[in-house]
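A quick write-up on the structure given underneath.
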Amino acid sequence: MTKYVIHGGKPLFGEIDISGAKNAAVAIIPAALLVDGICRIENIPQISDVTLILNILQELGADIRTINRTTVEIDCSHLRNLRVPEELARKIRASYYLIGALLGRFGSAQVPPPGGCDFGGRPIDQHIKGFVAMGAEVDVQGGYIHARAQKGRMSGTQIYLDIVSVGATMNIMLAAVLADGMTVIENAAKEPHVVDLANFLNSMGADIMGAGTDVIKIRGVDRLSGGSYSIIPDQIEAGTYMAAVAASGGEVLIKNVIPKHLECITAKLLEMGVEVEERDDAVLVRRTGKLTRTNVKTLPYPGFPTDMQPQIAAILCMAEGTSVLTEGVWDNRYRYVDEFRRMGAQLQVDGKIAVIEGVTQLSGARIRACDLRAGAAMVIAGLAAQGTTEIDCIYHIERGYEDIVRKLSGVGADIRVVVTPDEEKQAQVS
Ligand code: EPU
């Protein structure tokens, strides 16, 4: 097993560069299936979720050329099959985007139900409602979702989402760009990656208006041709490092960000006594004094992001006073609290609400990452804690954070990757 070992209590100083946005990349890469030509995608984060989605495209017959560390060229002109391999698709949530993209381009898709972090139920009924409204038949057979456009091509229509869903908004957009006529998505999600997907598709010849508002209009076009596009910086990766500085103290310039996307996070850190200065494409985060309590409720964008909920919880555990944290998006996103308690944190959870009593100091412990953002929050807690923290199951963290150990070591954190003898022994045997 591979784990992170952190010797905490060291303030962070220096600069961190933010990578491309995971949740944009995992939608934009499948969107290349819609493009008739070579599609060059830049600023791709090097994370395991991206590797997985690229492998899936390759299995379908896409030609993928790595240009450099962060750039690939994808050519989907000669796709071999429309059935997505089960073992790959089940490891990643974003495999659901393959339904919309394959339906949009070929009028047919066979995709296993998606995997991803476990936050209680993660239905995709709103995605399916959209596909059906656009003229698809969708059923589940033999563990696969089978979707087929009855007329061979999707038809534009008006779709009202019952819940603001990032995945459903983007998936319907994928299914609609090559549809016959106009699709209108009402009560759409407004996250930066929704806008990024629309910008990518428009740069390839799509006709999408209103992304970033709650009504998106997509006029179907006959063909998308190739082009070049650069993915936006990762809002949540940036927020995670902002939280790391808030927890550990020090001063770090977080570079290659869009400060506007970070406002919801910045506002909460300011309330807690952290200094944040916005620059053109960077934020300077400084924490010298004590952290003070606050209340946080997660909401769809532009609200405070649910994907920052565990990280803000880690800081609130060390803030003076009692804070109330409300999860407004997922049913069960507090599976990490027992791990925090091992470090001396005081939290009580009742349904979607966590009440956190700040303690003066967390102490190092052996803990286990239970999902991607919870794992990142454990790294933050470990950096601020007294003593040594060992984090197991770090593959969750590496799904979404490029080079987290190198980036944190670069600003003075004492964090390293340790491979336990068990794994070395296994490697020798195999
Ligand atoms: N929902 C439904 N029906 C649906 C779709 C969603 O009831 O058909 C509900 C969900 O159960 C949830 C809420 O609507 O309560 C919002 O879900 P959404 O569809 O917005 O989430 P998602 O698309 O599955 C993406 C991100 C998540 C992030 C959420 C919310 C990707 C690949 N995943 O998930 O990111 O938490 O949006 O912002 O983009 C992460 O990066 O760690 C992560 C979990």
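With a cut-off of 17 Å on the backbone N, the residues of the range 129-166 near the modelled label site 7 Å out from Glu186 along Cα-Cβ are 129-131, 133-134, 156-165.
Comparing Asp180, Asp162, Asp414 in a Gaussian network model of the chain where C-alpha atoms under 10 Å apart are linked, the largest mean-square fluctuation is found at Asp162.
For the chain, a Gaussian network of Cα nodes joined below 10 Å ranks Gly143, Gly212, Gly115 by mean-square fluctuation, and the top entry is Gly143.
Working from Cα pairs under 8 Å separated by at least six residues, relative contact order for the range 22-230 is 21 percent.
Applying Stokes-Einstein at 10 °C and 1.306 mPa s to the Kirkwood radius of the chain, computed over alpha-carbon pairs, gives a translational diffusion coefficient of 72 µm² s⁻¹.
Please sort 319-330, 381-392 by packing, taking for each peptide the average over its residues of neighbouring beta carbons within 10 angstrom, highest first. Intermediate results must be reported in sequence, preceding the final value.
Numbers: 319-330: 17.7, 381-392: 22.9.
Taking the mean over residues of other Cβ atoms within 10 Å, the ranking is 381-392, 319-330.
Spatial offset of the range 266-323 relative to the range 79-141 amounts to 35 Å, using the alpha carbon center of each. Using a Förster distance of 35 angstrom, determine the FRET efficiency expected from the C-beta separation of Asn81 and Gln158, and round it to 0.05. Efficiency for this residue pair is about 0.60.
Calculate the dipole size of the range 22-230 relative to its Cα centre from +1 charges on Lys and Arg beta carbons and -1 charges on Asp and Glu beta carbons; express the result in debye to the nearest 20. Walk me through the numbers before you get to the answer.
Values: 19 positive and 21 negative charges, 33 e Å.
That gives the range 22-230 a dipole magnitude of about 160 debye.
When you filter the trypsin sites (Lys or Arg not before Pro) in the range 139-206 for DSSP loop state and at most 14 other Cβ atoms inside 10 Å of their Cβ, you are left with Lys151.
Per-residue 3J(HN,Hα) values for the range 80-85, derived from phi via the Karplus relation 6.51 cos²θ - 1.76 cosθ + 1.60 with θ = phi - 60°, read 8, 8, 10, 9, 7, x Hz in sequence order (x marks Gly and Pro).
Values quoted throughout were computed directly from the atomic coordinates according to the rules given, and no laboratory measurement underlies them. All values derive from a computational prediction rather than experimental measurement. Virtual Cβ from ideal backbone geometry, glycine too; neighbours counted across all protein chains shown.
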